[in-house]
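Notes follow once the structure below has been shown.
The values are calculated or read from the model by the stated rules, or taken from the named source; none is laboratory data. Keep in mind the model is a prediction, meaning the values are calculated, not measured. All Cβ positions, even for glycine, are placed from backbone atoms using ideal geometry, and neighbour counts span all protein chains on display.
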Amino acid sequence: MANVVRYYAFMRSIREIPDLTNVPVLVRAALNVPIVDGKVANTFRLRSALPTVEYLRSKHARVILIGHLGEKGTETLAPVCEAMKEFVPRLSFCPVSTGPDARAAVRAMAAGDVLMLENLRRDAGEVKNDKKFAAALAELGDIFVMDAFDVCHREHASVVGVPELLQSYAGLLVEEEVKQLTKALTPGTPSLAIIGGAKFSTKEPVLTRLLEVYNRVFVGGALANDFMRVSGKGVGKSLISTDADDRAIRTLMASPRLMLPLDEITAPGGSTRSAGHTVGIDDVPANEMILDDGPKTVDALAKLALSAKTILWNGPLGNYENGFVDSTEGLAKAIAQSSAYSILGGGDTVAAVEKLGLSDKFSFISTGGGAMLDFLATGTLPGLKELG
């Protein structure tokens, strides 16, 4: 393993494979990208997959890309393949993921070719981690490479089932994700962590961990509504977590490092941004919803960002998908002006930074949302444990 650095103690790297010439390599890639009007709307994850694909091609492997798209199990990866052809020469598409046609497509490949198989979630065995489905995938390759960090927290067939059947390695993207997120757990001082979005139960473990190692931990977005409610403040008709543990919230709130919004943007449910107005946290109208964090909150975060040595951010500060983008975009601009080592993750958060053209102003942008949070909370993931 000369000249290879392992960023995760038991994680084998594709750079350790001695010979890949004409070897069929099954690569679990991050192909779950937004599709609008039948076309890929954001290629961030596809571009993130390129280093591993190009490394394998340079070693004359036959590269078989597998992945999923959407949650319904009916979506097709065909438009994803079309978008990826812009970056990957000699890429073709197979309209199935297993079976005789998939095996024939692999046999027809030449060294350096790349083949994308159809959406894995079209087979119920993927999410169920069905052993027969995992075996049907495994028979397509001689080696398995995990390069989809965004699903490493899921115990699906292509994440934990296939590695039980094939010699498995970490791709270059997964290596970099682990390296950078491990670094984020030993932040420089002063440090600032920002956690937005919703669903308290998915955020509690990472908040507990971050409060141990970061100087300030800001809770924003819909997640903050749970904290406001527990503290006795009115949240009107705002979204709150149905799984929130009030005792756990009170424990987190006892930390002097925790920071909550100073003001909010509220509006009646279903309103557009133009109907929103700024209120103090004690003045949320009973018949309105909190839909974004307010300008005082963004200003306070911006001041912390300018002096921070490390900034970690996951999750939007408002209802980003429905046009309440001011706080999220304001924070992105503030962090872009900071000299801090900055790490970003989460779908809407990444979309905001890409929209503003600020991606190169961040030290690292993770392809993971939930996987990023789980790794920060525990230091490992099911899909990483299988790579040793």
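Would a scan of the stretch 242-250 turn up a residue that is in contact (Cβ under 8 Å) with a residue 24 or more places away in the chain, more than 22 Å from T297 (Cα to Cα), assigned to a loop (DSSP other than H, G, I, E, B) and within 24 Å of the chain's Cα centre (by Cα)?
Just the residues of the stretch 242-250 that are in contact (Cβ under 8 Å) with a residue 24 or more places away in the chain, to begin with: 243-245, 248-249.
When the remaining residues are screened for being more than 22 Å from T297 (Cα to Cα), the result is 243-245, 248.
Pick out the ones that are also assigned to a loop (DSSP other than H, G, I, E, B) and you get 243-245.
Right, trim to within 24 Å of the chain's Cα centre (by Cα) and you get 243-244.
Yes, because at least one residue in the stretch 242-250 is in contact (Cβ under 8 Å) with a residue 24 or more places away in the chain, more than 22 Å from T297 (Cα to Cα), assigned to a loop (DSSP other than H, G, I, E, B) and within 24 Å of the chain's Cα centre (by Cα).
Do we have V206 as of a type in the set (V, I, T), in contact with an Asp or Glu (Cβ under 9 Å, 6 or more places away or on another chain) and touching a residue at least 40 places away in the same chain (Cβ under 8 Å) here?
Numbers: of a type in the set (V, I, T): yes; in contact with an Asp or Glu (Cβ under 9 Å, 6 or more places away or on another chain): yes; touching a residue at least 40 places away in the same chain (Cβ under 8 Å): yes.
Judged against the criteria, V206 is a match.
How many of the residues in the stretch 348-388 are assigned to a helix (DSSP H, G or I), touching a Cys at 6+ places or on another chain (Cβ under 8 Å), of a type outside the set (G, A, S) and crowded, with 20+ Cβ neighbours inside 10 Å?
Residues of the stretch 348-388 assigned to a helix (DSSP H, G or I): 348-355, 359-361, 370-378, 382-385.
Applying the additional criterion that residues be touching a Cys at 6+ places or on another chain (Cβ under 8 Å) yields 371, 375, 382-384.
Filter once more, so that each one left must be of a type outside the set (G, A, S): 375, 382, 384.
Going one step further and asking which of them are crowded, with 20+ Cβ neighbours inside 10 Å, we end up with 375, 384.
Adding up the residues that qualify gives 2.
Could you give every pair whose Cβ atoms fall below 9 Å, whose first residue belongs to the stretch 46-63 and is assigned by TED's automatic domain parsing to the domain that holds F87 and under 10 Å from L172 (Cβ atoms), and whose second residue is surrounded by 22 or more Cβ atoms within 10 Å (Cβ to Cβ) and of a type in the set (K, R), counting only separations of at least 6 or pairs across chains?
If the second residue must be surrounded by 22 or more Cβ atoms within 10 Å (Cβ to Cβ) and of a type in the set (K, R), the pairs left are L56/R62.
Could you say which residue among G330, G318, G323 is within 26 Å of the chain's Cα centre (by Cα), at positive phi and in contact (Cβ under 8 Å) with a residue 12 or more places away in the chain? Don't jump to the end; show me each part of the working.
Numbers: G330 fails: at positive phi; G318 fails: at positive phi.
Of the residues listed, the single one that is within 26 Å of the chain's Cα centre (by Cα), at positive phi and in contact (Cβ under 8 Å) with a residue 12 or more places away in the chain is G323.
Within the stretch 100-139, track down each residue that is under 21 Å from L50 (Cα atoms) and assigned to a loop (DSSP other than H, G, I, E, B). Spell out how you get there, then give the answer.
As a first pass, look at the stretch 100-139 and keep what is under 21 Å from L50 (Cα atoms): 106, 109-120.
Correct list: M109, A110, A111, G112, D113, E118, N119.
Being buried (at least 19 other Cβ atoms within 10 Å of the Cβ) and of a type in the set (S, T, N, Q) is the filter; apply it to the stretch 157-192 and report the residue that is nearest to A138 (Cα to Cα).
S158
Return the only residue of S255, S238, S274 being in a helix (DSSP H, G or I) and either polar (S, T, N, Q) or touching a residue at least 60 places away in the same chain (Cβ under 8 Å) (or both). Spell out the reasoning first.
Values: S255 fails: in a helix (DSSP H, G or I); S238 fails: in a helix (DSSP H, G or I).
Unique residue meeting the criteria: S274.
If you go through the stretch 200-237 one residue at a time, how many are polar (S, T, N, Q) and surrounded by 21 or more Cβ atoms within 10 Å (Cβ to Cβ)? Explain how you work it out, then say what you get.
Taking the stretch 200-237 as the starting set, the residues that turn out to be polar (S, T, N, Q) are 201-202, 208, 215, 225, 231.
Now restrict to residues that are surrounded by 21 or more Cβ atoms within 10 Å (Cβ to Cβ): 225.
Total meeting the criteria: 1.
Would a scan of the stretch 210-232 turn up a residue that is among the basic types (K, R) and within 30 Å of G383 (Cα to Cα)? Spell out how you get there, then give the answer.
If we filter the stretch 210-232 for residues that are among the basic types (K, R), which is where we start, we get 216, 229.
Add one more test, that the residue is within 30 Å of G383 (Cα to Cα), and what stays is none.
Within the stretch 210-232, not a single residue is among the basic types (K, R) and within 30 Å of G383 (Cα to Cα).
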